[in-house]
Amino acid sequence: QANAASKPHYTITTDSTYPPFEFQSKNGKYIGIDMDMLKAIAKKEGFTYTLKPMSFNAGVQAVQAGQVDGILAGMTITDERKQTFDFSEPYYKTGVVVAISAKDKTVKSLKDLKGKTVALKTGTAGATYAESIQKKYGFKATYYNDSNIMYNAVITGNAVAAFEDQPVMLYAIKQGTALKIISKQVANGGWYGFGVKKGSQAALLKSFNAGYKKIVADGTYDKIVNKYLGDTG
Ligand code: GLN
């Protein structure tokens, strides 16, 4: 019989930096759409958690290794990942865009990437998409664990383009990152979901979904998105 006084406790990993979904405030506290959402859901469902931020790729592996119970990291639900993860209800629409230096006047489309080096974030949907078109467009790839470092590689000229999720790229540009998006269309579209290792953590996943439903119904979810994205969210 469950003891009502002891709340379930989970270990959740997130990306060390993926604004506006997760990033550190000036005092070092993790905030962002994912973080505020998790906090609100935990409160509604009566569970507690320890947050373990790390690179996205390390987080994916930590879930699979059973070192953490779940991952909330702007993670795209893909068919490939569904073979090793169970996902929550989808909560935010995404897709991959290509960004170049704001100063670059030479790269206008994917064709202009021929023979050049692009910056990719290890283990991401953006990297998977880039790899799927790499032969066709004839570019080289260099890998980073962190979105910021990937952006800097393009800004400093170590790479000509980065492949990143649209909401994250738009937010970074709005915050002053000196990049611009060249792709007209979003590729590899999908939705973000909270992930757990396939076949495990049924109670956590159930709580997450139940809490998510509640914060959507009572307006908390919209309030959180608006807090970070304003009317453009
Ligand atoms: N949405 C992308 C993915 O799931 C990137 C996630 C991230 O970098 N935190 O692969």
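Since every read-out is calculated from the coordinates, none of them should be taken as a lab result. Treat the numbers as computed from the prediction; the structure is a model and nothing was measured. Ideal geometry is used to build each Cβ from the backbone, glycine not excepted, and the neighbour counts take in all protein chains shown.
Quick notes on this structure:
- Protection proxy ranking, peptides 117-124, 160-167, average beta carbon neighbours within 10 Å, highest first: 160-167, 117-124
- Lysine pairs meeting the criterion (Cα under 12 Å, 8 or more apart or interchain), as found in region 54-152: 6
- Shape class of the chain from the alpha-carbon gyration tensor: prolate, with a/c at 1.5 or above and a/b greater than b/c.
- Sorted by Cβ density within 10 Å, fewest first, the residues SER101, SER132, SER88: SER132, SER101, SER88
- The angle between the Cα long axis of helix 33-45 and the longest principal axis of the Cα atoms of the chain comes to about 10 degrees, rounded to the nearest 10.
- 3J(HN,Hα) from dihedral phi, region 16-24, Karplus parametrisation 6.51/-1.76/1.60, rounded to Hz, x for glycine, proline: 4, 7, 8, x, x, 8, 8, 6, 8
- Cα-based shape type of region 94-189, given that a ≥ b ≥ c are square roots of the gyration tensor eigenvalues and the cut on a/c is 1.5: rounded
- Partners of LYS198 within straight-line reach, counting aspartates and glutamates whose Cα lies under 18 Å from its Cα and excluding those fewer than 8 residues away in the same chain: ASP69, ASP79, GLU80, ASP86, GLU89.
- The label point for TYR137 and the one for THR122, both projected 7 Å from the Cα toward the Cβ, are 2.3 nm apart.
- The chain: most fluctuating residue of ALA159, ALA210, ALA99 per GNM, C-alpha cutoff 10 Å: ALA210
- Nearest-0.05 FRET efficiency for ALA102 and LYS223, computed from C-beta distance (R0 22 Å): 0.10
- For the chain, averaging the sequence separation of C-alpha pairs within contact (under 8 Å, six or more residues apart) and dividing by the residue count gives a relative contact order of 29 percent.
- A Gaussian network model of the chain, with springs between Cα atoms under 10 Å, assigns the largest mean-square fluctuation among GLY115, GLY193, GLY211 to GLY115.
- The alpha-carbon of LYS227 sits under 19 angstrom from the alpha-carbons of these aspartates and glutamates, leaving out residues fewer than 8 places away in its chain: GLU22, ASP34, ASP36, ASP218.
- The chain: most fluctuating residue of TYR92, TYR18, TYR192 per GNM, C-alpha cutoff 10 Å: TYR92
- Cα shape, region 183-233, gyration tensor, a/c 1.5 rule: oblate
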